[in-house]
Structures are given as structure tokens and as C-alpha cells.
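Here the structure is laid out as C-alpha cells; the discussion comes afterwards.
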Number of protein chains: 4
Amino acid sequence: MMNFRSDNESGAHPLIVEAVARAFASGPAFAYGADAWTQRVEQHLREIFERPDLVAHPVLTGTAANGLALACCAPPWGAIFAHPTAHIASEETNAPELFTSGARIFRIDGPNGKMDIKKLSEALAQPIYGVVHFPQPSVVSVTEASECGTIYTREEIAAVATCAREYGLKVHMDGARFANALAFIGCTPAELTWKVGVDVLSLGATKNGAMGAEVVIFFNSQLAREFEFRRKRGGHLLSKMRLLSAQLAAYFNEGLWLDNARHANAMAQRLAAGLTSLEGTSLLYPVDANEIFTVLPSHIHDALRAAGAQYHARPSGQPGKRAFRLVTSFDTDPADIDSVLAVAKS
Amino acid sequence: MMNFRSDNESGAHPLIVEAVARAFASGPAFAYGADAWTQRVEQHLREIFERPDLVAHPVLTGTAANGLALACCAPPWGAIFAHPTAHIASEETNAPELFTSGARIFRIDGPNGKMDIKKLSEALAQPIYGVVHFPQPSVVSVTEASECGTIYTREEIAAVATCAREYGLKVHMDGARFANALAFIGCTPAELTWKVGVDVLSLGATKNGAMGAEVVIFFNSQLAREFEFRRKRGGHLLSKMRLLSAQLAAYFNEGLWLDNARHANAMAQRLAAGLTSLEGTSLLYPVDANEIFTVLPSHIHDALRAAGAQYHARPSGQPGKRAFRLVTSFDTDPADIDSVLAVAKS
Amino acid sequence: MMNFRSDNESGAHPLIVEAVARAFASGPAFAYGADAWTQRVEQHLREIFERPDLVAHPVLTGTAANGLALACCAPPWGAIFAHPTAHIASEETNAPELFTSGARIFRIDGPNGKMDIKKLSEALAQPIYGVVHFPQPSVVSVTEASECGTIYTREEIAAVATCAREYGLKVHMDGARFANALAFIGCTPAELTWKVGVDVLSLGATKNGAMGAEVVIFFNSQLAREFEFRRKRGGHLLSKMRLLSAQLAAYFNEGLWLDNARHANAMAQRLAAGLTSLEGTSLLYPVDANEIFTVLPSHIHDALRAAGAQYHARPSGQPGKRAFRLVTSFDTDPADIDSVLAVAKS
Amino acid sequence: MMNFRSDNESGAHPLIVEAVARAFASGPAFAYGADAWTQRVEQHLREIFERPDLVAHPVLTGTAANGLALACCAPPWGAIFAHPTAHIASEETNAPELFTSGARIFRIDGPNGKMDIKKLSEALAQPIYGVVHFPQPSVVSVTEASECGTIYTREEIAAVATCAREYGLKVHMDGARFANALAFIGCTPAELTWKVGVDVLSLGATKNGAMGAEVVIFFNSQLAREFEFRRKRGGHLLSKMRLLSAQLAAYFNEGLWLDNARHANAMAQRLAAGLTSLEGTSLLYPVDANEIFTVLPSHIHDALRAAGAQYHARPSGQPGKRAFRLVTSFDTDPADIDSVLAVAKS
């Protein structure tokens, strides 16, 4: 099963599946998030993030988590700043516009999937504040880990947040692969979020072992006031919320989320190390998390495909060369890595 | 466990939980609904509804199912007609307005939670078609079973649909408790939907044994064209769609949905029969499905509460009398019914 | 010219037309409302309304004035309360939904085009505040004069506002015919608005002698904060704002607005008195402002039409009887009234 | 009066003011655009544009014209392509998002305020059509004349349109200064629009001598079907439409629009020629229409300001140099040009 297409295609971790099964075997529970699992998840997150005042709300998808979080930060006449590869800017089909009732996304480019702080700073320095002709800068969104498989350092996030703060903007983090970033950097959750200026975090579990669960975490509880109405009218409030909360409870329990992420990251390192030792390959970006973007010579690609390896093509940006994305996951079998490398080397 | 608060508070049927667990233990699967479970559910629904051309899309919540279905039927300047008790009119916090980008709901009253066909007809007969000053009538939504626990007969739905058709409107059915209606009437799914003029159905499983799964079924496939873009931008497209599809596959398998509904309906009958035999009680509406709305004398209500029975108050509409809603479910234990009745009689 | 179709069909008062011509002959002026006319109008309104802190913004149409004003009072999950005949509820094609990003209008019926305070009170007394399943009551809108040609007394408005305040709602007044109301009641502008609890007023000039100009007046300046961004993104900020402001300056100058309204009201009284003296006629509503809704026997109606009188039909609500609306205007010629009455009597 | 701040600050042409005054002195007229002026304008535009089937709708502002036109071309999940300097992309505060219910603007850069056709082609060539994760390319918008004062040649527009057509997109032209472009190129209106592939045109009059009037012209009448509902719910349907239509009638009468534009263009040429003959000045862009973007040495700028000349600063893009925008208008006095040049030279 040499499937490196996407961490979205993985199954789920048995502990998470079991937790849900147990939750639904336990009889009636209060509906709409008043159940014990949901309460417990929020309580646990308060401990994990060392913030007894944080507000946490589960939702089903990352698109919803991002859209709803941003809607709490940007009015309909607001401007959102993000890297062009950020999912909110490139893949979520105008969901931010739906949830914010029309805020606009401005793209701040930069190498390796990360915003160039100088470009962000220039964009925010425009003399447009309070001028009705211009979308009003409202929130900066960083994707951690980025969609290029790289990870902002704590200092880089702090720089973005400092710049945002200077102009009165909020900071959102799209943490669809937050656990991978945390595992890579080795700091605490607090150190990668509110301690460096993040106001609201879309924390994903789906790509890292859950069946389908994300949680929006507000470190600035003022921002959370409208969230529940926005979630409800978006059709994202579950009656049987334990479907999400039981997953999240298991995900954060005894460090499962970090174990999963460490495994996925390690598998990516192993794969990247093997591939880059081959002639004609070259990485498009550093491999920080669980995604590898690499140029592959045709004979290697052909051999891998023939052997059944699966992965997606990506633009190489280099004439005459073809590039590909390989994604590892919480359940990637090291033997599959080795099989891929054996084929590639032969 | 005399919990009659809501079918939303029930756990899930073991076969449905097991199906999900199995699905997630089976390794990688194509993401975003290209998996085998999702394909199979649509195929199965084509057989069940005797329509090889129907289009079926799973979503997580009834609010999303209704909002997205209506958005395929009504433009931003459209008018939606529904009974005041319909969830789209009374409980879903402007979700239809969000998904339709601003269509307006008009309330058509009528006894027992069902629209009065004469009032609907009068509303649709206004000379407003094509006149820019007025919201344009676009879709009628019937709730089957209704929020009063009653069920439109096939003839009643046909009358609504005929009236809607005459003015060029589409017909939506909110079938959050569709299985209960089907079980009560005893007809085929086709006979309760497209054969009597329904264009699009929000078919719920969550209230009837699933953990969280609904499916939007388009009998008019033209209407479905925009659905997938609308679902994506609403944050309702799951990466690991099998979370919903595996539930639905089990739900429709070997008639589980109807078995569950029959049980819930039977429990409601048993409870209603027992209660109405007591002096001072009276039903607000006929008990067709799994909800009982009844006046209870204070001494009975107090005794039930003291014994631990749980249920919500509802307006009685009668001075000096208090009314309550009791909801049965797929997993209601007949012994709980008997306990309630025993307490009530004593 | 026996045209009683609508005050929207009138021309404009010469003083207003001249003011605009003069304004545009005077060379360059700052754009987007920074011109002297716009500043002067706001200043004048502060005097007229005895509120040095009011905020006034011109817009082109009543639909925009209402939609933008309501958007400053109701969030996307909000509920707006209005009489079924209010233009926001019956004629403005989901404009409130557009400007509010999806708030919902609830209809509070009552005789003579005015909300029944008891029904309003009951609607607001529902236990739904802060509950995510329900649209959140946000603003009550009164139409003064009403669309039935009647006028809320100061006491009636105060009662609505007191009820609204009790539940934390704002009060909006649709004053498309505000001058007619003021002329009828004979009180000061302050006494009909903020002194009886109105937070924001859509004050119309178009129906009363302007070419096209309305002004949104915020007595609660907190509410006005977002207005300018909302107006801009709605395409309602004029570059050459003097087109509106010069009209408004002339409209409020030396009481022109009240003179115009007094004339229109007087013409309506004259017409109503004449018509009601005829056998078979009967008014549907009291004639307070400049609109007459009356049953006319066929022979009178036929004679009027044959003589060239123009007016619209309206539902009579009485079997076998036909009703009509006749509207007078700032420029209605008394001779036309007399001609109509002469024809009707013969 | 050396005012070169903006053509938005000019007064209006006397013939246009007179036309409006006459229209409002002529007694009652049908409301909401059923009047004779509005009908005549559409008829005249059919002749001017040699398209007997075109559909033309007046609106008040350019922001509304653009937003409403785009909303007829792009669904809420659509993508709109425009140059970063286009007003829809840079100045209209998310109005396109409001009117389209959430479509997204993608910026296609290029020199001189015009999209680079190669960049447009690459953006449209992405394999995203029909894929739910991506905004769907729907319409390309060209600004003619551009916001840099340059003008797309007919061939350049045809190239954009051919590229758009290849991928099924519509073509919108923001013609806030369309007359200036027409006057510069010297072709017919048809040759600059539908004959080179334009589907819908926002044709402005406000910047070129009107008080406030624009007209949206659909060459593809299919696209126009929804326009009237969109305009109404946007609050942009005037009751007394002659306020706009009488302006437009005069604007297009006997070539006034082109006379005005020719004058403004000629004044810009005269001013540019004079300025560029001075040492230290340099144009940022070719001067095709009525806007000059130029670097000015400090001593010249200081002298001009001291003499009372008014104009706005603009980024020069060159370190240590300051740039400015000077705009001429239909009513620019040649003597003012000469005064400016005299000051600059001294």
C-alpha cells in the first residue's frame, strides 16, 4: 500500500474510533454540545494550552473551522492576509467570503509557503485605515505547518503577529497540521500560539488520525462571542456533538496527537533522506512536517508508478522537470517507505 | 433512563457504529466522497427510491441539508414557503438566508403543524411574478414528519406540490424524520416523494439511530448542479467522507432505518395510549410519528419528574394548562414507557 | 392630470431642482461627501432634531436607507420585527437580507397598518435570547406614516420603543413619508423620533418633492460606526454627493418639507371628504397622511376611469367589493381633486 | 482654480443639468424606469452601439454598476480576474463580494495598468474547472480607460476576450472613463466592446460631465435576466428614474459625451507635454486618457502647491522621487493648464 497521495486518505487511529464507539454506546447525552465529552475537551485544552480562559468549539471540517474563525475576526468590509498557498486563499472555494459575508483575501507571497514579513509589512502600511474606499485590514492568517510542508519558527510567527498587532489586526492560525508543527519544533502548544501572538487557532485532527474533527480555539475570548451563532447558522452545530468531541478527547489523550504527528514527520524524513540521495532528485522545499515536494527524474517516477506507488504531481517551476508531492501519515508503514526507496534506487 | 427529551439525545445503533469502525479500519480511501461507501450509498438510494437518475450527497447536519437544498431552489431574491413550526422557519437561525444568500421565508400556517393548502394557494396567487419589488416565490418546504409529530398524507403532499407546480415553484421536503413518516404511512419511499411531486429531500438519519448523518437527495438532477460547490464553500465537504457514508450505508441496509422508525413510532403509540387514558391529559396533535405533545395535570407531571422522567415543556395554548413534549427514539426501552405510565397512573 | 397613482410619479419641487442646478454650476467640490452641502445638511438636521450629536448620511433610495440602517442594528443571525405591510417586509425584495447578510424579518400584524403592541410584546417575550437555535431579536421597525396611510401617535411609538428596549432591541423608523406624519401630528421632529425612543430614522424626501434623496439619521451614534463602510460596499456612496445633499438642503430649508407634506395631506383630506360623502364608498383605513384606501362602487370607478383619473386597485378584503388607493402629492392641484369629485358625484 | 485632484470633483455639464431640470418640470411620469426618458436612453444606446438587442439599465454609481454587472457573470463560488489597480480590485471595498454573494477577485498584474495577457492565460489554464475545491473562473474585467490613465487597444481587448472565451468566461468592461477611451482610439462604441468580445459594460457618465449616472449595458442579453432583481434588492432602483435617465439622455445626445472626453483628453495632453519638457519630471505611464502620473522634482511641486494647484500624491516606485496624479476633466479650463505650466517652468 504505497499510498502517499494525502493524509486525508488515511483511515483513523483505533483509539479514536473506539472512543467514538464507546461514546455512542453509553446511552443518551445532552444535545448540541452540552454533553460531557465536549465539556471535557474544552477543559483539557485549557490545560494543554495553559490558558484557563480559552474557548474551544469543535467543528467537522477545516474549511468550516477557518471560515468561522475568520468571520469572528473580519467584518464584511475587511481584508484578510495570507500566503497564496494557504488553503483559505487557494483551496476552500470562497468559504471565507461566505462565512465573513464578503471579506476579501489578499495574498502575501514569500518563499517556502511562508509569508514574507517585509511584504506583509508593506501591505499593512498602506494609508487606508478608516478610509471607506478600501477593504479594512482585519486579520492575518498563518498556516502552520504550511501547505509546502514547511513550518514557521516561533520567531517568524511572533514577527507576523507583531506586525499585525501594530496595525490592529488579529492573528489566525490554520493549524490543519498543527501537531506536525509542534512535534517538529518541540515547544509547548502555548509557545507556538498565544505566547507568540495568535488569537484564534483552527486545530485539525482529521489529517492526523481522526475520522473527521477539528476544533476552533479562541485565546481572545472576546472574539468568540459570535462564534456559536455563526456555527449554528452555518449548519455546523451537531445535535450529537459527541461524534466530534469523543474523537478530540481521544486525540488529545496521553499525547496521541503528538505521537501520531511524530510518526508522520519521521516517515517523511526517512522518505526524503532516501529520495534526495538519488541522482536527479531535488526538494522544492525543506521537509519540516509530513509533506515532501520533490523533483523526480522520469525513470524513477515511472518505476514507482509501475510498482504501484501513489502520489500527486505538482508544478516544479523548473522547465523540463516534473515535481511531485508525497505525503506521509500517522499510519504510514515504514516498510512502505523502504519499498518505495528500494524501487526508486533500482 | 426515562429520557424523553429528544431523539437527538439518543446514542447510535450498534450496526451503524460498527460500520463506521470497520470503514476506518480498512486503510486508505479516496478523499472527498470519491470513496466506495459514498458511491454505494448513492447507488443504493437509487434502488430504494426507484430512480436510477437521482443524485445523493451526504452532509453532517439537518440544518446544512435544508440550507443547501433550498439554495439550489431559490435565488437571493426568492421566497420560500413553510409552516411556522418548520425548522427552517423557527429553529435554524437564519441558515436558509446564509445558504441562499438572502432568500426570505414566508410562513404558511395551518393546523397540526401542516400548511393549510388554501392559505398556501392564496399566498402563491399574488400577482407578483416577475415584478421586481417582490420576493419571487421559488420553493415550498414541507416537513415530513412535521415538528408537531404529525404526518402529511401522500394526498396532502401531492396537493402542496400541485399548487407549487402551478406557479413554477420547486418542492423541498425536510425529512429529518422521514423514516418515521414512511413507517407510519406504509408506502414506498418513491410514493412519498417524487411520485407526489417532491424535487429534493433532506433525509435525516441522525434522529433515528445514526451518530450524525443526513443525505440530500435530488430527484430533479438539474437542481443538483450547483450543490457540490455550495457544499464545499459551506465547509460541509468532508475529506474522509466515509464517516458519513458508512453510517448511511448501514442505515439503509436491510431496512434498519425503517425498523428503527417503526420501533420509535410504536413506543410513541404505546406511551400516548397510556397517557390519554388518564384523566386530565389531552393530546395537542395526533400522534403519527415519534413525538407526543400532551397536556398533563400538575400532579402527574410532578410525579413523573420526581421519578426522574425527562421531557421538555411546550406552550399548551390553553389557559391554566401545561403541555409537554415527549419524544421516543429507535432505542427507547418499552420498560421505560411502562415505568412512565406506571408512575403517571399512580 | 388626475394622476393619483403614486407620489413616486410626481415631478420635483422647483426649489429643489434649482438648488441642484446651482450646486453643479458652482465648480469643483470635494468628492464623496466631504463637500459643503453635505456638511451643511448634517448641521441643519442637528438643529432641526435638537440633537447636536446626530449623524446623518444621504442615500439615494428608501430601499437602501432601510437596508443600510437595519444592517447597523441587526447581525446576520438577527431578527427584525415589522408590520406585514411595511416596505421592508413586503416590497423591497430581500434588500434587508442583503444588507444585513441574512437577518430575518418577522411580521407583527395589527389593524390599520400598525403593529399590535400586544403581538409585538408576545413575540419578544419568547425565551430565545442567547439560544443559538433561534434568530436573535435585534430591531423593531415602524413605518411612519404607515403604508396604509395611517400614522402612529407619539404614544404608540413610545409603546413600541419601550417594549423593544425592554428586550434590548433597537428601534428603526422607516420615514419615507415622515414629513406627512410630522405635519399631521404637529409635533417637533425630535418629539416623533428620539424623544419617543427611535434610534435610527430613514427620512425620505423623494416622495415629497425631491428628485431622489433620502437621509439616514442616527440618534444613537454608536450605531453609525459601520454605516459608511456598509454604504460604500453597497455602491451607495456618490462621488458627487451634492446631487443628493443639495436636494436635501433645499428640502429642509425654511420648512419646505413640511409645506409640501401639509399640502399633500390637505389634498388627501379634501379628496377623502368628498369621496366618503358618496353612497357606496367606504374607507379601508383612516386617512392620516396622503394616501386614501377606499371601496368604490363600480359606477363611480368606471366614470372616474373614463374621465382619465388614474389610481391603483388594492384588495378590499370584502367579498364583491373593489377597493382602490389614491395618493396625493406635494404638487397635487386642488382643481384635480375637484374634477375627480365632480366626476364621482355625477 | 487649478484643481487637478479628480474628475469626481467637477461640477456637471450645463446641458445635463438642464435636461434634468426639464424632466422634473414636466409633471408625473411612470415610476421605476417605466418613464419615457429611460426607454429612450436604451433605444438610443441600441443605435449608438449598433445592437438592437442590447439591454441597458441606469444606476447611480460606478461601484454599483460594476458590482451588479459582475453578479450577473459570477456565482458565489466564482473567480473574477482583474488588474490590481482595477477599482473592483483596489477601491470598491468588497462591493463585488457583496453583489456576487462571495465571488473572489484574482489579480492579474501587468505594466501600465493593463493585464498581462500571458499571466491571464496562465491563470486560466489551471486545471481547476469543475473541481469543487477551487473558485471557478467566471469573468475577466478590463478597465477602459485603465486606472493608470492608459487605454487598452482594440487588439488587446480582443486578446483578453479570446483568452476568456477559451475557458468559458465572460468579459466585463469597467468603462468609468469609456468615453475617454473611445475619444482616444477613435473607433465606434461597437468596435471597442461587443465586436471585440465584451459581454457587459459599466459605462460611466459621472466622471465626464454628469451629476451622477452610469449605465450597465448587456450585449449578451441572457446575462441581463437577473439584473433587475439584483438592482432592486441592492437599493439601486430609483422610483423617479428620470433623475438618472435624463442625465444619460443628454450625455449621449449629439455626441456630448465624446466632446467632453475629447476636451479632457486634450487638456491632459497639453499638460503632459508641458510638464515633460521640464527637467526632472518623468511620466509613470503613457498619457492616453485624462490622467497624468508624473514624477515632479520638489522645487516644482512646492511652487505648484504654493500657487494653489491641487492634485494627489501617488507612489513613484522610485527611491527618493515623489510622484503625483493630475486629472483633467470635461470642464478643465485651458488657462488653468497654462497657469500650472507657467508656475512649473518658473
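Side notes on the structure shown:
- Tallying residues that are under 19 Å from A:ALA176 (Cβ atoms) and of a type in the set (D, E, K, R) within segment A:1-28 yields 3.
- Test result for D:GLU226, touching a helix residue (DSSP H, G or I) at 6+ places or on another chain (Cβ under 8 Å), surrounded by fewer than 22 Cβ atoms within 10 Å (Cβ to Cβ) and of a type in the set (Asp, Glu): yes
- Here is the figure for segment A:120-131: residues that are in a helix (DSSP H, G or I) and open to solvent by 60 Å² or more (accessible area, probe 1.4 Å) total 1.
- Any pair with Cβ under 8 angstrom, 6 or more apart, that starts in segment A:158-171 at a residue that is open to solvent by 60 Å² or more (accessible area, probe 1.4 Å) and ends at one that is among the hydrophobic types (A, V, I, L, M, F, W, C) and modelled with pLDDT of 95 or more: A:ARG165/A:VAL171; A:GLU166/A:LEU124; A:TYR167/A:LEU124; A:TYR167/A:ALA125
- Some residue of segment C:104-114 being open to solvent by 10 Å² or more (accessible area, probe 1.4 Å) and in contact with a Cys (Cβ under 6 Å, 6 or more places away or on another chain): yes
- Scanning segment D:154-182 for residues that are over 15 Å from D:TRP194 (Cβ atoms) and more than 15 Å from the chain's Cα centre (by Cα) returns D:GLU155, D:GLU156, D:ALA159, D:CYS163, D:GLU166, D:TYR167, D:GLY168, D:LEU169.
- Those helices (runs of 4 or more DSSP H) lying entirely in segment A:1-119 with at least 1 residues of a type in the set (Gly, Ala, Ser) and either over 30 Å from A:THR332 (Cβ atoms) or at the interface with chain B (Cβ under 8 Å from one of its Cβ atoms) (or both): A:14-24, A:36-48, A:62-71, A:95-100
- Within segment D:177-223, the set of residues being among the small types (Gly, Ala, Ser), part of a helix (DSSP H, G or I) and open to solvent by 30 Å² or more (accessible area, probe 1.4 Å) comprises D:SER221 only.
- Meets criteria (open to solvent by less than 10 Å² (accessible area, probe 1.4 Å) and in contact (Cβ under 8 Å) with a residue 24 or more places away in the chain) for A:LEU15: no
- Some residue of segment C:297-312 being under 20 Å from the mean Cα position of the chain (by Cα) and acidic (Asp, Glu): no
- Residue check for B:GLY33: open to solvent by less than 20 Å² (accessible area, probe 1.4 Å) and on the phi > 0 side of the Ramachandran plot: yes
- Residue that is nearest to C:ILE185 (Cα to Cα), among those in segment C:257-281 that are under 25 Å from the mean Cα position of the chain (by Cα) and polar (S, T, N, Q): C:ASN265
The values are calculated or read from the model by the stated rules, or taken from the named source; none is laboratory data. For clarity, every value in this text was computed on a predicted model and none was experimentally measured. Positions of Cβ are backbone-derived with ideal geometry, glycine not excepted, and every protein chain shown enters the neighbour counts. Ligands, DNA and RNA are excluded from the accessible area calculation, which covers all protein heavy atoms including side chains. Shrake-Rupley method; radii C 1.70, N 1.55, O 1.52, S 1.80 Å.
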